[in-house]
Amino acid sequence: MNKEEELLRKKSPVSIKNKKASFEYFFVETYTAGIVLTGTEIKSIRMGKASLVDTYCHIINGEMWVKGMNISPYFYGSYNNHESKRDRKLLLTKREIRHLENATKQPGYTIVPTLVFIDAKGRAKMDIALCRGKKQYDKRATMKEKEDRREMDRAMKTVNVK
């Protein structure tokens, strides 16, 4: 990922994150995929009405699918509204899908969505990561690092205030 892509993600009006994923998994590789959506789904995402809690990706017949992604029904949609938790297809190259499929055959590896954002052209994109699960002691170490960073920030603020 280059600096331009990073800036686009930061400037994106919509940024829906899967905060639990970084606590539960080590990210080995990350990819950016397009999402196949209907009209009311993209409108709901632009309003920020989506969630990545308990979502995961799987591969069926050489196609990547995301399961469990919740996109709330569009408020102004009528009979054309969408199902909130349907499976959605992700757009990746065949080489990337083949690589991810081979990697997930190894024990302990899975594919998890980490971020949904709107790119510069107004399309919904999803960052997915090839992940390896953390053990309990890894999770404790992550919590300790987070606590230490928080304490250091507090100490720096009190020094700067005085």
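The values are calculated or read from the model by the stated rules, or taken from the named source; none is laboratory data. This is a predicted model, so every value here is computed, not measured. Backbone-built Cβ (ideal geometry, glycine too); neighbour counts: all protein chains shown. These accessible areas exclude ligands, DNA and RNA; they are computed on the full protein's heavy atoms, side chains included. Shrake-Rupley method; radii C 1.70, N 1.55, O 1.52, S 1.80 Å.
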Of all the residues that make up the stretch 49-65, how many are surrounded by 14 or more Cβ atoms within 10 Å (Cβ to Cβ) and not in a strand (DSSP E or B)? 3
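Of the residues that make up the stretch 9-19, is at least one open to solvent by 80 Å² or more (accessible area, probe 1.4 Å), under 25 Å from LYS135 (Cβ atoms), among the basic types (Lys, Arg) and modelled with pLDDT of 90 or more? Even if it seems obvious, please write down each step before you answer.
Kept after step one, since they are open to solvent by 80 Å² or more (accessible area, probe 1.4 Å), are these residues of the stretch 9-19: 10-11, 13, 17, 19.
Those left that are additionally under 25 Å from LYS135 (Cβ atoms): 17, 19.
Filter again for among the basic types (Lys, Arg), leaving 17, 19.
Going one step further and asking which of them are modelled with pLDDT of 90 or more, we end up with none.
Within the stretch 9-19 (the criterion being open to solvent by 80 Å² or more (accessible area, probe 1.4 Å), under 25 Å from LYS135 (Cβ atoms), among the basic types (Lys, Arg) and modelled with pLDDT of 90 or more), the answer is no, since none of the residues qualifies.
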(1) loosely packed, with under 13 Cβ neighbours inside 10 Å; (2) under 17 Å from the mean Cα position of the chain (by Cα); (3) at positive phi: which one isn't true of GLY68, the others all being true? (1)
Consider PHE75 against the criteria (1) open to solvent by 20 Å² or more (accessible area, probe 1.4 Å); (2) under 25 Å from PRO13 (Cα atoms); (3) at pLDDT 90 or above: it satisfies all of them except one. Which criterion is unmet? (3)
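Counting only residues that are loosely packed, with under 15 Cβ neighbours inside 10 Å and not in a loop (DSSP other than H, G, I, E, B), which one in the stretch 28-40 is modelled with the lowest pLDDT?
Once the filter is applied, the top-ranked residue is GLY39.
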Within the stretch 23-49, tally of residues that are among the small types (Gly, Ala, Ser) and closer than 23 Å to GLU96 by Cβ: 2
Residues (among the β-branched types (Val, Ile, Thr), in contact (Cβ under 8 Å) with a residue 40 or more places away in the chain and under 25 Å from TYR109 (Cα atoms)) located in the stretch 37-86: THR55, ILE59, VAL66
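Considering each of LYS94, LYS105 in turn, give the residue that is open to solvent by 60 Å² or more (accessible area, probe 1.4 Å) and in contact with a Gly (Cβ under 8 Å, 6 or more places away or on another chain).
Numbers: LYS105 fails: in contact with a Gly (Cβ under 8 Å, 6 or more places away or on another chain).
Selected residue: LYS94, the only one of LYS94, LYS105 that is open to solvent by 60 Å² or more (accessible area, probe 1.4 Å) and in contact with a Gly (Cβ under 8 Å, 6 or more places away or on another chain).
I'd like to check something: does the stretch 108-115 contain any residue that is surrounded by fewer than 13 Cβ atoms within 10 Å (Cβ to Cβ) and over 22 Å from LEU52 (Cβ atoms)? Quick ask: steps written out before the conclusion?
Taking the stretch 108-115 as the starting set, the residues that turn out to be surrounded by fewer than 13 Cβ atoms within 10 Å (Cβ to Cβ) are 108.
From what is left, the residues that are over 22 Å from LEU52 (Cβ atoms) are none.
No: the stretch 108-115 contains no residue that is surrounded by fewer than 13 Cβ atoms within 10 Å (Cβ to Cβ) and over 22 Å from LEU52 (Cβ atoms).
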